[in-house]
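Dumping the structure here so I can ask a few things about it.
The values are calculated or read from the model by the stated rules, or taken from the named source; none is laboratory data. Remember, it's a predicted structure, so these values are computed and weren't measured experimentally. Positions of Cβ are generated from backbone atoms using ideal geometry, with glycine treated the same way; all protein chains shown enter the neighbour counts. Ligands, DNA and RNA are stripped out before the accessible areas are found, and what is left, the full protein with its side chains, is counted by its heavy atoms. Shrake-Rupley method; radii C 1.70, N 1.55, O 1.52, S 1.80 Å.
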Amino acid sequence: MGALTDSRKRLSSDHRYPIPSFPPRSPPPPSKRPKLAPFFSSLDPSTSAAAPPNPPPQITHAAAAASTSNAPCPSSSSSTPASSPPPNRRRLPPPPPFKRPIHGPQRILRAFHFGAPARPHATAPSWLSPSSPTPTPPRTLGLEQYVELVNTVSRPAPPTPTATTDAAKEKKEPVPLEVVAIEEDGDERKQQDDEDEVAVRGSVTVRRLPLYKELYEASSRKRDAKLKTLEFEVRLAEEGRLGLERLAEVLPRITPKKEEVPEPFVPLTDEDEEFVRVALHGRNSREKLAVHEPSNIVITREILQCLNYQEWLNDEVINLYLDLLKEREQREPSKFLKCHFFNTFFYKKLISGGYDYKAVRRWTTKRKLGYSLIECDKIFVPIHKEVHWCLAVINIRDKKFQYLDSLGSMDMKVLRTLARYFVDEVKDKSGQQIDALSWKQEGVKNLPLQENGWDCGMFMLKYIDFYSRDMDLIFGQKNMRYFRRRTAKEILNLRAE
């Protein structure tokens with residue numbers, strides 16, 4: 001028994017060897033010791049014909065002694081053959097089947113034909129076989145290997161009619177390459193085998209940052225209110241710049257030409273305004289401001305102050321301005337009509353004792369004027385009626401007599417008197433007989449009228465000014481203050497413009 005006990009202890013401590021089968025005396029309690037299956041897991045009972053290894057001699061002798069001492073006496077009733085095992089004999093568990101890898105569809109980069117053709121499903125990969133001394137899994141395609149693989153491609157891909165256009169052929173630009181991972185099936189395997197010799201030509205974009213970082217940055221830029229505002233301002237500035245460029249091209253065509261200000265309405269400069277202000281509002285009222293030698297008219301500050309607002313015009317200012325209009329015509333005869341300007345005393349002299357032509361006969365000699373009245377286009381005659389100024393026009397060009405009153409009245413007696421005078425004047429100076437009495441005598445339609453009690457003299461001067469320019473009467477009461485300052489400047493400069 002001692003030998004058997006020692007053998008059992010040694011056997012339990014070293015379980016690397018198989019334990020011989022023998023009938024136990026009683027059912028063993030459940031054991032937590034590890035099964036002996038790992039030892040046999042590497043063997044296949046269906047293919048292995050080798051016998052189990054022999055145990056050491058000491059274990060064999062101990063097992064034999066135990067079986068001899070514990071064996072029951074033979075009896076005549078036992079008919080079981082010696083070769084068959086006892087019914088309650090303990091059997092070892094069968095070894096598990098050989099572990100095989102689970103085969104499934106593989107994802108292969110088909111763009112560069114990386115990887116070997118698929119093997120049959122029944123065959124295990126070489127790196128999983130037991131015969132491989134150092135099983136090593138295949139190396140994945142990293143960034144460096146990917147770039148190296150792309151750089152080693154030398155043969156260009158044959159052009160296809162769908163992927164290549166005429167523009168791409170002419171420019172010879174690289175075709176952008178997109179790497180796509182696809183599922184492999186039977187048809188694709190055949191196509192893979194057929195296209196082993198096909199090379200790929202294109203450009204490869206290498207990411208410097210992981211894709212998730214790029215997506216995160218793009219998302220944060222979209223959510224950033226300041227970036228949105230900045231992008232909007234940049235886009236608006238760009239559109240504004242393009243709009244201004246297009247506008248600069250179109251503006252000259254769509255913008256009407258700037259109308260020139262008519263000469264009678266050219267505004268005064270700041271210097272002219274100051275010059276007129278000092279002349280009209282100085283302290284010395286007897287100071288001589290202008291002297292016109294041809295007419296021997298002297299303009300003092302007291303005389304010039306009639307051009308202030310709400311003042312009536314006097315004879316000196318009116319007569320000097322008419323002389324300046326005649327000088328303007330002589331300077332630029334092509335711009336102005338040929339006119340004659342009678343002074344404010346002519347009509348009074350003509351009708352002083354009734355109609356008296358001889359009283360004014362020597363006023364219009366050719367030696368004095370240098371021309372005859374019959375040669376003029378228009379003759380202007382100022383009419384003064386006590387406290388009101390009017391104008392009569394002998395329109396030789398249109399053969400009619402006109403009367404202009406800023407209050408809108410009409411005086412036919414003045415027109416008949418002037419018609420009689422003109423007949424006598426032409427007969428006396430040129431010996432011609434004209435029927436001026438048959439000319440039309442009328443008032444002027446749409447005549448600008450004064451709206452106060454002191455601008456009649458200025459309206460009369462502007463009637464003469466515009467008619468001598470052969471212009472329509474396009475002014476009104478709103479222009480009178482400007483006309484007063486302009487007239488003062490022209491008198492101070494002794495030059496009408």
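If I take R0 = 51 Å and measure r between the Cβ atoms of E287 and D435 in this structure, what FRET efficiency does the formula 1/(1 + (r/R0)^6) give, to the nearest 0.05?
The computed FRET efficiency comes out at 0.45.
Right, another one. Compute the distance in nm between two label points, each set 7 Å from the Cα along the Cα-to-Cβ direction, one at D272 and one at D424.
4.2 nm
Using the crude model of +1 on Lys and Arg Cβ and -1 on Asp and Glu Cβ, and no other charge, please compute the dipole size for segment 382-440 relative to its Cα centre, in debye to 20.
So the dipole magnitude of segment 382-440 works out to roughly 160 debye.
Send over a whole-number figure in Å² for the accessible area per residue of segment 236-372, probe 1.4 Å.
I get 68 Å² per residue for this part.
Between rounded, prolate and oblate, where does segment 398-453 land on the alpha carbon gyration tensor, with a ≥ b ≥ c its root eigenvalues, rounded for a/c under 1.5, else prolate if a/b exceeds b/c?
Because a/c hits 1.5 or more and a/b exceeds b/c, segment 398-453 counts as prolate.
Answer rounded, prolate or oblate for segment 368-421, using the Cα gyration tensor with square roots of eigenvalues a ≥ b ≥ c: rounded when a/c is under 1.5, else prolate when a/b is larger than b/c, else oblate.
Cα axes put segment 368-421 in the prolate bin.
At R0 = 30 Å, how high is the FRET efficiency between L473 and A248 if r is their beta carbon distance? Nearest 0.05 is fine.
The formula returns an efficiency of 0.15 here.
Let me ask another. Rounded if a/c is under 1.5, else prolate if a/b beats b/c, else oblate: with a ≥ b ≥ c from the C-alpha gyration tensor eigenvalues square-rooted, which is segment 270-351?
oblate
Measure up K385/K427; K400/K489; K288/K385; K348/K462 against 27 Å on the Cα-Cα distance and list the ones that go over.
Violating the 27 Å Cα-Cα cut-off are K385/K427; K400/K489; K288/K385.
Take the Cβ-Cβ distance between V387 and S352 as r, set R0 to 25 Å, and report the resulting FRET efficiency rounded to the nearest 0.05.
Given R0 = 25 Å and the Cβ-Cβ separation, E is 0.80.
Starting from 0.36 nm per residue, how many nanometres of slack lie between N296 and E214 once their C-alpha separation is accounted for?
19.9 nm
Would you mind calculating the gained length between T365 and D315 on full extension (0.36 nm times residue separation, minus the Cα-Cα distance), in nm to one decimal?
15.7 nm
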